[in-house]
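Report on one structure; see the data block that follows.
The values are calculated or read from the model by the stated rules, or taken from the named source; none is laboratory data. Values in this document were obtained by computation on a predicted structure and should not be read as measured data. We place every Cβ from the backbone using ideal geometry, glycine too, and count neighbours over all the protein chains shown. Keep in mind that these areas ignore ligands, DNA and RNA; they rest on the heavy atoms of the full protein, side chains included. Shrake-Rupley method; radii C 1.70, N 1.55, O 1.52, S 1.80 Å.
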Amino acid sequence: NARDAMPTGGHLTIETRNIELDEAYAQKHAEVQPGQFVMLAVADSGHGMDDATRARIFEPFFTTKEVGKGTGLGLATVYGIVKQNNGFIKVYSEPGEGSTFKIYLPRHGEPGGRTTKQKEAPIQRGQGESVLVVEDELSILKLTAKILKDLGYAVITANNPTDAVELAKEQREVIHLLITDVVMPEMNGRDLANALLAIYPDLKCLFMSGYSASVIARQGILAADVHFIQKPFSAKDLAAKVRKVLGFDNTTGDSA
């Protein structure tokens, strides 16, 4: 599918990583059980998909290919295999921005049923700093806002860049941090950050995306040294990243 989406060539990225999804994420996503997962991502720089196409891609016999070029069973088969193994799939795609498919499979424990337990670091809380969250996917916007509020931040939310700029202009108190999706309709995250920096020159910025950091950097949307967190993320990971961006933590983070 990635090859067919790039008829004149492009970039194909295959990535794996271990990830932990917590109870807060699972509560907002019925198909997810909290725990340790192995993530396999396949990303292309092709023509991408609109919302209508993306909503149907796992339906049996649904295809956007010409007659005789595809059965419409490939992604349906993948979906079935993943579900049978207690996993799930997330898809990130916008027209002209390529597509990223992420498969999450439960992480297998060590022989004998033992799973390595690492000492949990205490979750890092806020001190009432003001955070503006901008995300066009409503479920992620609500989840991110809830996590931040529970951590002690004052949270302002916007479902699109235009509303974000208006809210920033109306704010009487300073906004300390912008957390924004990278790929959105109307305006990308980098351009939104630049617009808000004209209002709040000391504004800190944290970018988030379902696309991996390497894909985002290759598209030229973000510079290589910006702060970045990949979706989905746990409350613990978001808390640590936010404290780092605000300048209160020196631990190594996941930057693009």
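Carbon and sulfur atoms: what percent of the 1.4 Å accessible area of region 142-202 do they account for?
Working: 1450 of 3020 Å².
Accessible surface attributable to carbon and sulfur in region 142-202 totals 48 percent.
Can you compute the helix-only [θ] at 222 nm over the chain? Use -39500 (n - 2.57) per DSSP H run of at least 4 residues, normalise by all residues, nearest 500 deg cm²/dmol.
After summing the helix terms and dividing by residue count, I get -7500 deg cm²/dmol.
Apply 1/(1 + (r/R0)^6) to the Cβ-Cβ distance of Val38 and Asp202, taking R0 = 45 Å, and write down the FRET efficiency to the nearest 0.05.
Working: r = 40 Å, r/R0 = 0.88.
That gives a FRET efficiency of 0.70.
Against the longest alpha carbon principal axis of the chain, how many degrees, from 0 to 90 and to the nearest 10, is the axis of helix 161-170 turned?
10 degrees
Might you report the magnitude of the Cβ-based charge dipole of the chain about its Cα centre, with Lys and Arg at +1 and Asp and Glu at -1, to the nearest 20 debye?
Working: 28 positive and 32 negative charges, 165 e Å.
About 800 debye.
Quick one: which of Lys90/Lys236; Lys102/Lys149; Lys83/Lys244; Lys169/Lys241; Lys102/Lys244 span more than 24 angstrom between C-alpha atoms?
Lys102/Lys149; Lys83/Lys244; Lys169/Lys241; Lys102/Lys244
Using a Förster radius of 41 Å, what is the FRET efficiency between Asn85 and Glu170 based on their Cβ-Cβ separation? Nearest 0.05, please.
Approximately 0.25, to the nearest 0.05.
Just subtract the alpha-carbon distance of Arg218 and Ala52 from 0.36 nm times their residue separation and send over the number in nm, one decimal.
Difference between extended and current length: 57.1 nm.
Taking the Kirkwood radius as the inverse of the mean 1/r across Cα pairs, report the Rg/Rh of the chain. Don't skip to the end; give the middle numbers.
Details: Rg = 19.2 Å, Rh = 19.6 Å.
Radius of gyration relative to Kirkwood radius: 0.98.
Rank Glu97, Glu186 by accessible area, highest first, at a 1.4 Å probe radius?
I get Glu186, Glu97, largest accessible area first.
Against the 2.2 N^0.38 Å scaling, with N counting residues, where does region 1-56 land? I'd like the Cα-based Rg ratio to two decimal places. Don't skip to the answer; put the middle values down first.
Details: Rg = 15.1 Å, N = 56, 2.2 N^0.38 = 10.2 Å.
For region 1-56, the normalised Cα radius of gyration is 1.49.
Indicate, rounded to the nearest 5 percent, the antiparallel portion of the DSSP beta bridges found entirely in the chain.
Around 60 percent antiparallel, to the nearest 5.
Given a 1.4 Å probe, how much area per residue of the chain is accessible, in Å²?
It amounts to 54 Å² per residue over the chain.
Which angle from 0 to 90°, rounded to the nearest 10, does the C-alpha axis of helix 235-245 make with the longest principal axis of the chain?
Value to nearest ten degrees: 50.
Sort out for me the Cα centre separation of region 182-204 from region 21-99, rounded to whole Å.
Taking the Cα centre of region 21-99 as reference, the centre of region 182-204 is 29 Å away.
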